[in-house]
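Structure record follows, encoded as structure tokens.
The values are calculated or read from the model by the stated rules, or taken from the named source; none is laboratory data. The structure presented is a predicted model; accordingly, all values stated were derived computationally and were not measured. Please note that ligands, DNA and RNA were not included when accessible areas were found on the heavy atoms of the full protein model with its side chains. Shrake-Rupley method; radii C 1.70, N 1.55, O 1.52, S 1.80 Å.
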Amino acid sequence: MSKFNTISKVINLGPLILLYYLSVSEIDSHFENYFEILSFNIQLIIIYFWVSKRPEALGNGHVFFAGLINDVVIGFPLGLSSLSYLAVSFVATYVKNMTVNTRITTDWFTFFIAIFFSNVIFFVLLTNFSETTVSITEMSYNTFFTLLFFPFFWFIFTYYNSIITTGKNA
Amino acid sequence: MSSSRDDFGIAFRSALLQRGAAQKFSLVFLIILASIIFFLDVYGFGFMKPVRSIVNDGIYRVSLLASSPSRFIPKATESVTNLLNIKSENEKLKKALEVYRQKELSVEYLTNQNKNLRKILESDETLFQFQSNTILSKVLIDKSSPYLKSIIINRGSKSGILKGMPVLDKEYLVGRVVETNYLSSRVLLLNDLNSRIPVTFGEDGVQAILKGSGGSKPVLEYLPEGYVVEEGIEVFTSGKDRIFLPGSPIGITTEKGQVKLFSESSQLSFVKVDLAKQNKEVF
């Protein structure tokens, strides 16, 4: 029984581990060797999905720290990714408060609003307060592909969420 | 109508201020905290530099450790594939060995070999002389971001590295140091959007600025009026900025006015930092 509980706890921590691992590791989602403009931000999808579906799996404090780690690894000013991630978290929480039952289409649309706000905050802060320049075209491609790949991750995470739910009911 | 507005307000406030068993901090608190950290870091308050340096060194080490499976898996897969192919390869090698045994070494072959060895010996001497001013560094992290093109190396201010120092792959320029910590440094690569390098090329010694494009090939800017870039001309650092030594090879021109770099930035494992330029650069 205790072994089952341990496994269940580890499974529950899955989204959190994945978020931290993607932020700290060298693994990236920029596939310039295959297709130069192909890049997407899995962290935003993870945050949006899990904050809106199972907030107990992904606390805001962890979202904040994952952002700080990401800033150090990538080389952005500290706090920039945190603000960007927290914007996504805010939209996800708001949507969760306002809706009872969501489908993939509604999630997809609200995710677009979330990443739009997130990227606006990111771009405005970076261009106005930092000497670092980023290409708005690259950002647009990144936003587009993040949005495009959202349904794929939505199905994977929904399946994973059902495993967690089943584990809790067992 | 008013009920709808109330719902909006309640949901909005709840999203910002709500705390629960899993949410130990409210969103508004974390947003304010992140903003404070951001502005402290951007405006470079004195106490932030050592704090950031320690945080950077710590996280880079953790990042290196966390990335080890992603480096190990391709190597392990390669080893298994090699093991599977070893039998057929062994047979092929035996046949090749027989062929080589039957062949007699000609005088011409020996002469060529001798020439090649002399070349290697000469280049080694050059390399040795060159290395006396450089420090070899291992690339710790080369996380490819769609926005920033940079790498982290395992040498920092402890090894005498300063901001602005040129970084080379073999003899080719790959970028410059933009951030130094005690045990690590960040190198801005030539293809980053924020990179600007004064360069010279061609028989006439045309001066230009090599600007990172964010893609794989940086572009030449501030060329003489009406100048058309020809394909296949080698581009070197001009040293006009007094940061880079003049004459470091960078790449070769393409007909679109871009430069194909000699060094592939995604394939860097070890780089050399040129310590000859010890002038501190203020960014």
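Using a probe of 1.4 angstrom and keeping all protein chains present, the accessible surface of the range B:27-103 works out to 74 square angstrom per residue.
Karplus-based coupling profile of the range A:50-60, in residue order and whole Hz: 6, 5, 7, 9, 8, x, 5, 7, 8, x, 5, with θ = phi - 60° in 6.51 cos²θ - 1.76 cosθ + 1.60 and x standing for Gly or Pro. Rounded to whole numbers, the Karplus 3J(HN,Hα) couplings from phi for the range B:185-198 are 9, 9, 10, 7, 7, 4, 8, 6, 4, 8, 8, 9, 10, x Hz, using 6.51 cos²θ - 1.76 cosθ + 1.60 with θ = phi - 60°, and x at Gly and Pro.
Return the residues of the range A:127-142 for which accessible area with all protein chains present is lower than in the chain on its own by 10 Å² or more; set the probe to 1.4 Å and exclude ligands, DNA and RNA. With the partner chains in place, the range A:127-142 has these residues losing at least 10 Å²: A:129, A:131, A:132, A:133, A:134, A:135, A:138, A:139, A:142. Note that the range B:135-283 presents 45 Å² accessible area per residue, ligands and nucleic acids not counted, probe 1.4 Å. Ordered from longest to shortest, the equivalent ellipsoid semi-axes for the range B:27-103 are 58, 16, 9 Å, each the square root of 5 times a Cα gyration tensor eigenvalue.
Close amide-amide hydrogen proximity is noted between residue B:199 and B:208, B:209, B:210, B:238, each under 5 Å apart and 5 or more residues distant or on a separate chain (H modeled in the peptide plane; Pro and chain starts excluded).
A simple rule links phi to the HN-Hα coupling: the Karplus curve 6.51 cos²θ - 1.76 cosθ + 1.60 with θ = phi - 60°, which for the range A:80-92 gives 5, 5, 4, 4, 5, 5, 5, 5, 5, 4, 5, 4, 4 Hz, with x for Gly and Pro.
Computed over chain A, the convex hull of the alpha-carbon atoms projects to a mean area of 10.7 nm².
Summed over all non-identical Cα pairs, the Kirkwood treatment of the range B:60-99 gives a radius of 12.4 Å. Take the range A:83-170 with all the other protein chains still there, run a 1.4 Å probe, and you get 53 Å² of accessible area per residue.
For residue B:176, nonlocal amide neighbours, meaning residues 5 or more places apart or on other chains whose placed amide H falls under 5 Å from its own, are B:167, B:188.
Sequence-distant contacts, meaning Cα pairs under 8 Å at least 6 residues apart, place the relative contact order of the range A:50-134 at 27 percent. Against the empirical 2.2 N^0.38 Å (N residues), the range A:44-137 has a Cα radius of gyration ratio of 1.12. Taking 20 Å as the limit for the C-alpha separation, the pairs A:9/A:96; A:96/B:24; B:163/B:217; B:115/B:170; B:163/B:260; B:211/B:272 exceed it in the case of A:9/A:96; B:163/B:217; B:115/B:170; B:163/B:260; B:211/B:272. Counting protein heavy atoms only, the range A:2-169 has 70 percent of its accessible area on carbon and sulfur, 1.4 angstrom probe.
Between B and A, roughly 4600 Å² of accessible area is buried in total, ligands, DNA and RNA not counted and the probe set to 1.4 Å. As a ratio to 2.2 N^0.38 Å, the alpha-carbon radius of gyration for the range B:145-283 is 1.01. The distance from the alpha carbon centre of the range B:155-183 to that of the range A:129-159 is 31 Å, rounded to a whole number.
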